[in-house]
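Take a look at the structure set out below.
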Amino acid sequence: MAEAERITGTPGNGPEPGHGDGGETGQDDAAETGASAAPRGPRRIGALLLVALIVYLLDLGSKLLVVAKLEHHEPVQVIGTLLQFEVIRNRGAAFSMGEALTIFLTLIAAAVIVVIFRIARKLYSLPWALALGLLLGGAFGNLTDRLFRSPGVFQGAVVDFIAPAHFAVFNLADSGIVCGGILIVLLSFRGLDPDGTVHKD
C-alpha cells in the first residue's frame, strides 16, 4: 500500500512551491539578470507620434516664417547680441557640422527614423516615448529640408536661424534631436528600457 501511494502520489507529497513549479526559479532568474519587469500597460506609440508631430510642425512653421520674413535681411536681435535670429542655409549636420557630407547625412537621418519605428513596436515607457518623439520630429524636420529645398533632392540645405553668441546657428529640429539624445542617455543610465523593464545594478 505504501508502495502504491509512493508511485501514484498523494496530496501534499508533490513538489514544494518554488522548487519544481518555477516559482523560486523565476525569481532567481530575475535576480540573476538584475532586471525587474514593470507593469507594461498600453504601448506608447501614440505619445511618440504626438511629440514627433508637435516638434515637426513647430520646426516647419518656424522655418517657413523666418525664410519669408528674415532671409536676406539683417539679423534680428532677441537678447542684444547674445541671441539673434539670422537665417543661414546649412548643408551639413546639426550646428553646421559636416557640410561636405549632405547625402550621407540624409541617409543617416532616414536610417534613424527606421530604427525609431522598429523600437516603437515594443515601446511601453512614456519617458522613452518622449525621447524618441523628440528625436523623430527633429529628424523628420531636417530631412524635409534635405528632400525639398534647393539645390536638390538629398542635397537640400537645412534652414538654421537661432544664433547664440559664440555658438553655431541651429534650428528647432536640432534642438529636438539634442534634447531627445540627452534624455535617451539619462534613461539608459537609470536602467530603463523602451519596453518598461528596469535594470537594477
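Details
- Given a 1.4 Å probe and the protein chains as shown, residue 122 ends up with an accessible area of around 120 Å².
- Rg over Rh for the range 125-201 works out to 1.13, using Cα positions for both radii and the Kirkwood form for Rh.
- The convex hull built on the alpha-carbon positions of the range 50-201 has an orientation-averaged projected area of 10.1 nm².
- Calculated FRET efficiency for the pair residue 107/residue 73, C-beta based, R₀ 35 Å, to 0.05: 0.55
- If the chain linking residue 182 and residue 118 were pulled fully straight, counting 0.36 nm for each residue of separation and taking away their Cα-Cα distance, it would gain 21.0 nm.
- Working from Cα pairs under 8 Å separated by at least six residues, relative contact order for the range 96-201 is 32 percent.
The values are calculated or read from the model by the stated rules, or taken from the named source; none is laboratory data. Bear in mind that the values here come from a model prediction, so they are computed numbers and not experimental data. As a convention, Cβ positions derive from the backbone with ideal geometry for all residues, glycine included, and neighbour counts pool all protein chains shown. What goes into the accessible areas is simple: the full protein's heavy atoms, side chains included, and nothing from ligands, DNA or RNA. Shrake-Rupley method; radii C 1.70, N 1.55, O 1.52, S 1.80 Å.
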